[in-house]
Amino acid sequence: MECLESKCRPAEFVKTTLFKKGCDFTYRIPSLLYLPGTNTYLAFAEKRTSAGDVDAKCFVIRRMTTNDHPTEWSPPKELYAELMIPLLPNHRNMNPCPVYDSTTQTVFLFYICVPHGVTEGEQIVTGRNQARLCCVSSSDQGATWGAPQDLTVSVMGEIRVSTLAVGPGHGVQLDSGRLVVPAYAYLPQPGKWESRAFSIYSDDDGSLWKMGKQLGSWSNECEVAEVFDGVKSVLCCNARTTGSPRVQAHSRDGGDTFQMPPEMSKLHETGGGCQGSIIAFPAPNQQEGAIRQTWLAFSHPTNQSSRQDLGVSLNRTPLQSHWDPPKVIHRGPSGYSDLAYSQEDQRFSCLLECGEKSEIEQIAFMSFTLDEIRQTASSAEI
């Protein structure tokens, strides 16, 4: 039987370059937020003078509204003065992690401020935290921003840490209305400092933020997603580790505490570790009045030794944590990523670091349907 090449060849995923490396600057740390009810996407990244963390300069943002015809992204806008804390001069902004409150239609952009030239490693070695937990909000879908706040003391209290960060990626609003931002900090352990993930949450539309309890094992850059199995709501945390497998934990109290389920299908970590993204979405083909079910999608490099071949994996039974093999959406160098889901048009989006020779060549936007990521599985195991 004759097979046409166009039908035999796997579908190509179309990329739109949002942030492209230049001669004396590059972009890293993608963060993608979809604002339900507005058909608006916000894409954030760090603009740096090199790929190194110490060379972060400022955040950049681009906006897209799918109501517009033709659909176009706004020009890149640097967020520098908007995020600067007056009492923190000579600091750089890192780790964008926005969350959207659909009740008040407010975007809260969490990030950290770190003194120029100070590395995360230096803080861990000295045991002296110099990172500040900051937040700025927007009530017009990211067009303008209010006054930034330093939340370090009010959220962290007297807890001793050597450094801290949020995300990077995105936070979530739970079905209860609670806003949850993923975070991690290096905490004192016998003879060392050890990274532990936790959540920062608010039950009053962002007026007061609180810190949840830390995970019980080494866990670093992380994201969270809320799933339902019938009437039960569970917050799933997926976190970076230094080796395989990745950390997966569940919370039944909205992110205040997390437990490690005994039976977990493994998600392999890329050599040296890499950030990954997780997003929840309604299970397809649910009948009206049926028990509410949620699936998960996870994006991460599929190569276990290096940052290559970014793929998206599906989990149809999140509480059992059985992951399907990944569908590779970018062949070649790829690094950090962030997923979003639009329930209005039932489409996924991914903002990812990628390139032909290096993953820091560009940050690109991709959009795809559920069928496109589950129709064919990659031979790579996760």
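Each value in this text was obtained by applying a stated rule to the coordinates, not by laboratory testing. Remember, predicted model here, so these are calculated numbers, not experimental data. Every residue, glycine as well, gets a Cβ built from its backbone with ideal geometry; the counts of neighbours run over all protein chains shown.
Observations on the structure shown:
- Over the range 159-315, Cα pairs under 8 Å with separation of 6+ residues give a relative contact order of 16 percent.
- In this structure, residue 346 and residue 144 have a Cβ-Cβ separation that, at R0 = 41 Å, corresponds to a calculated FRET efficiency of about 0.85.
- Measuring how big the range 14-374 is from its alpha-carbon positions, Rg and Dmax come out at 18.9, 59 Å.
- Extension gain from residue 369 to residue 176, taking 0.36 nm per residue of separation minus the Cα-Cα distance: 66.7 nm
- Surface/4 estimate of mean projected area, convex hull on alpha-carbon atoms of the range 30-189, nm²: 10.4
- The length gained on full extension between residue 80 and residue 154, counted as 0.36 nm times the residue separation minus their Cα-Cα distance, comes to 24.3 nm.
- Gain on full stretching of the segment that runs from residue 213 to residue 242 - 0.36 nm per residue minus C-alpha separation: 8.3 nm
- The chain - charge dipole about Cα centre, Lys and Arg +1 at Cβ, Asp and Glu -1, debye rounded to 20: 680
- Relative to the globular-protein estimate of 2.2 N^0.38 Å, the Cα radius of gyration of the range 66-126 stands at 1.57.
- The calculated FRET efficiency for residue 66 paired with residue 102, based on their beta-carbon distance and R0 = 22 Å, is about 0.85.
- FRET efficiency estimate (nearest 0.05) - Cβ-Cβ, residue 357 to residue 73, R0 25 angstrom: 0.50
- Estimated [θ] at 222 nm from DSSP helical runs (n ≥ 4, -39500 (n - 2.57)) normalised by residues in the chain, nearest 500: -1000 deg cm²/dmol
- For the pair residue 122 and residue 290, label points projected 7 Å from Cα toward Cβ lie 5.6 nm apart.
- GNM top mover of 231, 155, 247 - the chain, alpha-carbon springs below 10 Å: 231
- Relative contact order, whole percent, for the range 193-279 stands at 26, derived from Cα pairs under 8 Å and 6 or more residues apart.
- Structural descriptor for the chain: relative contact order 13 percent, calculated from alpha carbon pairs under 8 angstrom and at least 6 residues apart.
- Working note: Debye formula, equal point scatterers on the alpha-carbon atoms of the range 8-119, no solvent; log10 I(q)/I(0) at q = 0.10, 0.16, 0.17, 0.19 Å⁻¹ is -0.36, -0.82, -0.90, -1.05.
- Spin-label model, residue 319/residue 38: points 7 Å from Cα along the beta carbon direction are separated by 3.4 nm.
- Loop-located GluC sites (Glu not before Pro) in the range 51-117 (DSSP state not H, G, I, E or B) with no more than 16 neighbouring Cβ atoms inside 10 Å: 72.
- In the chain, taking the dipole from charged Cβ atoms about the Cα centre, the farthest positive-side position among 268, 39, 126 is held by 126.
- Square roots of five times the Cα gyration tensor eigenvalues for the range 29-86, Å: 26, 12, 10
- Modelled spin-label separation between residue 17 and residue 265, with each label point placed 7 Å from Cα along the Cα-to-Cβ direction: 3.7 nm.
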